[in-house]
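Here, each number is a calculation from the coordinates, and none is a lab measurement. Model, not experiment: these values are computed from the prediction. Using ideal geometry, Cβ is built from the backbone for each residue, glycine included, and neighbour counts are taken over all protein chains shown.
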Amino acid sequence: MLDLVLSFFSRVDSRASVVLGINTGMLALLAGKLPTPEQFDWKMSIAIVAVLCLVRSYWCLFKTSFPDLKGPTQSLIYFREIAKRPESQFVEEFSEQTPDEYYKDMLGQVWRNSQIISKKFDALRSAFIWMLLAVVPWVIAVGIFTMSQPTPKPNAPPPQQQVK
């Protein structure tokens, strides 16, 4: 049962990587199309909406990557509780536990990991939603930015540089 719950962690993390890549690509393209201050028009402020949605998506991805790891105290299965003990104490306590104590500790671990993975899925879902909310203002902003940039004339000679 614990293996099943733990298998969900890699699913969340791989999907979070995809959202992170898309967010970063959207932000990079938007930054690459950013007009100069002289070319700025009030319509271009739609980009702020896209950026704010992407920032919120990044925040949700952060919560996905760094969930609350508080676990059951005195557990002989939970890694943070094991790490608090000296090795010899852990080995001794683990060896002395009854099958019933081990079973209850295992079920507590399943329960806690289920809570953690649930929060990670919720944060991933929010990150995905915020990324999707950014798409429309992002497309509009990229279009406006692209139209505001001067287009080079075909076969035009490069501009002459003045020599001082």
For Kirkwood radius over Cα pairs in Å, pick the label among [x] 21.2; [y] 16.3; [z] 20.0 that corresponds to the value derived from the coordinates.
[z]
Each label point is 7 Å from the Cα along the Cα-to-Cβ direction; what then is the distance between the points at Val136 and Asp3, in nm?
4.7 nm
Mind giving me the nanometre distance, one decimal, between the label points for Trp42 and Ser114, set 7 Å out from Cα along Cα→Cβ?
5.5 nm
At what distance in nm do the modelled label points of Asp100 and Ala28 sit from each other, each positioned 7 Å from its Cα along Cα→Cβ?
5.9 nm
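So which chymotrypsin sites (Phe, Trp or Tyr not before Pro) in the stretch 21-81 pass both tests, a DSSP loop state and at most 15 other Cβ atoms within 10 Å of the Cβ? Walk me through the intermediate numbers first.
Values: sites: Phe40, Trp42, Tyr58, Trp59, Phe62, Tyr78, Phe79; in loops: Phe40, Tyr78.
Answer in residue order: Phe40.
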Lysine pairs in the stretch 1-160 with alpha-carbon atoms under 28 Å apart, 8 or more places apart or on different chains: how many are there?
15
Go ahead and collect, in residue order, the members of the stretch 114-153 whose backbone nitrogen is under 18 Å from a label point 7 Å along the Cα-Cβ direction of Lys70.
114-120
What do you get for trypsin sites (Lys or Arg not before Pro) in the stretch 70-103 restricted to DSSP loop and a cutoff of at most 15 other Cβ within 10 Å of the site's Cβ?
Lys70, Lys84
